[in-house]
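Right, one structure below, let's go through it.
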Amino acid sequence: MSDFVTLDEIKAAKQRISGVAVRTPLYRLERARLKAAKLPEPSFDLYLKAENEQPIGSFKLRGAYNMVSQLSPEERSRGVITYSSGNHAQGVAYAARALGAKAVIVMPSNAPEVKKAATRALGAEIVEVGPASSERRIKAEELVAEFGYAMIPPYDAPQIIAGQGTCGLEIVEQLPDVDLILSPVSGGGLLSGTATAVKLAAQEGLASAQVQVWGVEPELAADAKESFYSKKLVEWPAEKTVRTIGDGLRTQSLGTLNFEHVLRYVDGIVTVTEEEIFAAMRVILSVTKLVAEPSGAVSLAAALFHASELPKARKVAVIVSGGNLEPGLRERLEKQIEMETTP
C-alpha cells in the first residue's frame, strides 16, 4: 500500500467485505418530524447513514474484516489481537470467527457491559486493563510479543482506513449530490477513511466537487479538534476523555496515519456538549425508531445544534456510527420520550 490510502484500495475493500458487512441504508430525516419533536427545523435536507444496522451494530466491522481477511493463513493460525472499548472489539471478534481465527481483545474495565457481553458471545477472549486507551494498547503489544498474535489496530492502519472508507463511498453512491458529510471522530479511522473516499471519489467525478467532510467529537474529549486546528498531533489524558458519555470516543489522540489523512482530506471538526449528544439520541429514537449509542449520535447533534459553525449545505449526511446502547441508558431515553409525548 502507498503512504496514503487510494480509491482503488477502498474499492478493493468494498469487494472484500461484501457479504459480510452490510451496505447500510441512508434514511432521510423529514424536517416536519423534527419540528414535531420541538426542534428547530433545519435549512437543509438531513440523511442518516445507519451503521447501527451492521451485524455487530457498528461500522467497525468494515475495517476489521478488511484487515483480518488479508492476513496469511499462517498469521491467522496464530490468532489475532486488538485493543478496544467495545465496537472494534466486536468487529475483530466477528471477523476472526468468520475466518476461523482465535481472537483476544484488550478492553478497558469501564467498557459498557453490553459491549463486553457481545464480544464474549462472538467467541473472543477478553483481557481487561485500566481506562486509558494507552494502557490497552501497551497490554496488547505485550501479548503480541509473548504469543505472536497478529495485531489488528482499531484505527491506525491503512487496511482499517480503507475498510472504513467504504462507508463514505456508499454515501456518495447513494446521494451523489450530498454537500456535507458529518462523521464521529476518536482515533480517526472512520473520519479519515470517509474523507479519503469522498474526496478521491469527487476527483473522479463520482461526487460533487464541492462536497465537504467534517468530524464531530464531544467537547469533553476534543483532542482531534485541537490537533486539527493546531496542525500538531496532541494527546489528552485519560482522566479528561473518560468524562464523556460517548464511550467509543474516549481515545486520547488520533492515530498517526489517520492524522495525516485528516489533515489532507478533512475540512473541519466541531464539538458537541453532553446534553446535545443525549438530545440527538432521543431524537433518533423517537423520530426514526433507530437506536444510536452516544458515540453514534454526535454527528446528528452537530447538524441540529451547530449548523452555524458548519458550511452552508442543501443536503447533509450524518453517520450514525453505532447502536450498541446500554439498556439502562435506553430506558432513560424512553422515559424522557414518554414524558414529552404524554399530554
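The values are calculated or read from the model by the stated rules, or taken from the named source; none is laboratory data. Model, not experiment: these values are computed from the prediction. Methodologically, a virtual Cβ is constructed for each residue, glycine included, from the backbone with ideal geometry; neighbour enumeration extends over all protein chains shown.
General observations
- Pairs meeting the criteria (first residue in the stretch 269-292 and within 16 Å of Leu220 (Cβ to Cβ), second residue of a type in the set (Ser, Thr, Tyr) and in a loop (DSSP other than H, G, I, E, B), beta carbons under 7 Å, at least 6 apart or on different chains) are Glu274/Thr244.
- The set of residues from the stretch 176-195 being in contact (Cβ under 8 Å) with a residue 60 or more places away in the chain, over 23 Å from Phe305 (Cα atoms) and in contact with a Leu (Cβ under 8 Å, 6 or more places away or on another chain) comprises Gly187, Ser192.
- Filter result for Gly86 (modelled with pLDDT of 95 or more and under 30 Å from Lys11 (Cβ atoms)): no
- Considering the stretch 152-167, and only residues there that are farther than 24 Å from Glu142 by Cβ and among the β-branched types (Val, Ile, Thr), the residue that is surrounded by the most Cβ atoms within 10 Å (Cβ to Cβ) turns out to be Ile161.
- All helices (runs of 4 or more DSSP H) inside the stretch 190-293 with 3 or more residues being hydrophobic (A, V, I, L, M, F, W, C) and modelled with pLDDT of 95 or more: 256-265
- Subset of the stretch 298-343 (residues that are among the small types (Gly, Ala, Ser) and without any contact (Cβ under 8 Å) to a residue 24 or more places away in the chain): Ser308, Gly328
- Enumeration of residues in the stretch 107-151 that are of a type in the set (Gly, Ala, Ser), within 25 Å of Thr24 (Cα to Cα) and crowded, with 17+ Cβ neighbours inside 10 Å: Ala118
- Per-region count, the stretch 310-326, residues polar (S, T, N, Q) and closer than 11 Å to Phe44 by Cα: 0
- Residue in the stretch 86-96 that is in the same structural domain as Glu170 (by TED's automatic domain parsing) and over 20 Å from Ser295 (Cβ atoms) present: no
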